[in-house]
Amino acid sequence: ALVPAGRHRWARALAGGLVLAVPIALAPLFAPDGSWWQAQSAAVDDRYPNPASEPVLAAQQTPLDDALAALDDETPGETDLYFVGFAGDARDDAYLQDMQAARRAMDERWDMRDRSIALVSSPSTLLDTPMATVTHLRETLKEVAAAINAEEDVVMIYLAGPSAGDGSLSVALPPLELLPLTPAALRALLDEAGIVWRIVVVSSCNSGAFADALKGDTTLVMTAVGDGRTGGCAVSNGSTRLGAALFGEALSRGDSLQQAFEAAKASTDAGAPAGAQLFIGKDMEQKLKELDRGRAKRSPCESRMNHRRF
């Protein structure tokens with residue numbers, strides 16, 4: 001700028017200006033042009049209320065409170081079984097259907113209508129069913145723990161949905177930003193609630209990390225193995241392969257819990273390189289027999305009730 005003007009100064013200045021201006025003019029063709037200060041909004045189904053709207057968030061506490069209040073207290077002197085279902089991904093209704101089928105099977109076959117609860121992430125259930133979030137799961141486990149005898153009763157947790165690369169369960173309800181359910185987080189929630197006897201079934205790909213985190217003498221852990229195309233987490237006709245084998249077949253027909261889990265593993269493994277893995281703690285085997293005996297005592301009463309009903 002300080003040197004004397006040379007020949008063709010204005011021509012060179014014009015050429016330099018064009019060189020600087022061309023990338024600016026052509027940038028939108030090669031890079032996103034959205035404002036950096038505006039977050040990208042996730043797609044929301046217009047048929048249902050927005051999960052992030054204030055009415056939905058305000059209404060969510062009511063179905064959770066109602067569901068928890070409806071839980072029956074434990075039966076003194078008997079080993080009771082409680083069921084908590086968790087379907088955390090609202091992007092695929094198959095996981096919702098899978099979890100609901102599991103709950104129906106347990107309600108009908110194992111007489112758990114007043115000892116089961118479902119946490120669901122779905123646009124269609126926003127106003128009448130508690131969302132499947134880590135926060136709601138914490139509240140649920142604490143309430144279940146208050147209803148049971150921790151030394152006697154068993155809590156069964158069924159998780160269904162896709163997984164992240166580290167094996168944690170994906171929790172998605174756009175446009176909300178929800179925390180995934182990691183194996184370590186589930187272990188911490190169960191320990192915090194004081195639930196001793198645990199049955200945890202995870203119908204999700206790469207979910208072996210849950211078995212590693214939850215193994216113990218008073219625990220049964222069953223997890224799917226394989227990817228989304230094969231193995232226990234494959235989804236078909238609104239059900240995961242592991243969910244259909246365990247709840248649609250084995251648990252709904254058999255009287256022995258341990259045999260039902262073993263049969264479901266064998267069925268899930270059949271025809272696949274890897275289907276499911278099963279871990280049963282040494283003290284849990286005896287607890288499963290206690291649950292079987294308790295159900296056997298109630299069966300005659302159930303049969304008479306069903307006969308009168310029809």
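The values are calculated or read from the model by the stated rules, or taken from the named source; none is laboratory data. Here the structure is a predicted model, which means the values were calculated and not measured. Methodologically, a virtual Cβ is constructed for each residue, glycine included, from the backbone with ideal geometry; neighbour enumeration extends over all protein chains shown. Heavy atoms of the whole protein, side chains included, go into the accessibility calculation; ligands, DNA and RNA do not. Shrake-Rupley method; radii C 1.70, N 1.55, O 1.52, S 1.80 Å.
Couple of notes before you dig in:
- Test for D217: is it at pLDDT 90 or above, acidic (D, E) and either open to solvent by less than 20 Å² (accessible area, probe 1.4 Å) or part of a loop (DSSP other than H, G, I, E, B) (or both): yes
- The residue that is surrounded by the most Cβ atoms within 10 Å (Cβ to Cβ), counting only those in the range 78-102 that are over 20 Å from T182 (Cβ atoms) and of a type in the set (D, E, K, R), is D98.
- Count - residues of the range 164-174 that are open to solvent by 10 Å² or more (accessible area, probe 1.4 Å) and in a loop (DSSP other than H, G, I, E, B): 6
- Check on P300, out of contact with any helix residue (DSSP H, G or I) (no Cβ under 8 Å at 6 or more places or on another chain), modelled with pLDDT under 75 and part of a helix (DSSP H, G or I): yes
- Flag for D65 being charged (D, E, K, R), more than 25 Å from S207 (Cβ to Cβ), part of a helix (DSSP H, G or I) and out of contact with any strand residue (DSSP E or B) (no Cβ under 9 Å at 6 or more places or on another chain): yes
- Of all positions in the range 128-139, at least one carries a residue that is farther than 25 Å from A260 by Cα, out of contact with any Leu (no Cβ under 8 Å at 6 or more places or on another chain), outside any helix (DSSP H, G or I) and not β-branched (V, I, T).
- Screening S204 against (1) farther than 23 Å from Y48 by Cα; (2) at pLDDT 95 or above leaves a single unmet condition, (2).
- The range 118-145 - residue that is aliphatic (A, V, I, L, M) and more than 18 Å from the chain's Cα centre (by Cα) and, of those, nearest to R198 (Cα to Cα): A145
- The range 146-163, residues that are more than 12 Å from the chain's Cα centre (by Cα) and not in a strand (DSSP E or B): A146, A147, I148, N149, A150, E151, E152, D153
- Selection within the range 220-236 - open to solvent by 50 Å² or more (accessible area, probe 1.4 Å) and either within 18 Å of L81 (Cβ to Cβ) or not in a loop (DSSP other than H, G, I, E, B) (or both): V235, S236
- Every residue from the range 258-277 that is open to solvent by 50 Å² or more (accessible area, probe 1.4 Å), in contact (Cβ under 8 Å) with a residue 40 or more places away in the chain and farther than 14 Å from T240 by Cα: P273, Q277
- Residues of the range 278-300 that are charged (D, E, K, R), under 19 Å from L214 (Cβ atoms) and open to solvent by 30 Å² or more (accessible area, probe 1.4 Å): K282, D283, E285.
- Hits in the range 237-257 - residues which are open to solvent by less than 50 Å² (accessible area, probe 1.4 Å) and over 23 Å from the mean Cα position of the chain (by Cα): G254, S256
- Of residues in the range 198-214 being part of a helix (DSSP H, G or I) and crowded, with 22+ Cβ neighbours inside 10 Å, the one farthest from the chain's Cα centre (by Cα): L214
- Taking the range 103-156 as the range and being open to solvent by 20 Å² or more (accessible area, probe 1.4 Å), among the polar types (S, T, N, Q) and touching a strand residue (DSSP E or B) at 6+ places or on another chain (Cβ under 7 Å) as the test, only T129 passes.
- Filtered residues of the range 170-197 (kept if under 17 Å from I280 (Cα atoms) and more than 16 Å from the chain's Cα centre (by Cα)): I195, V196, W197
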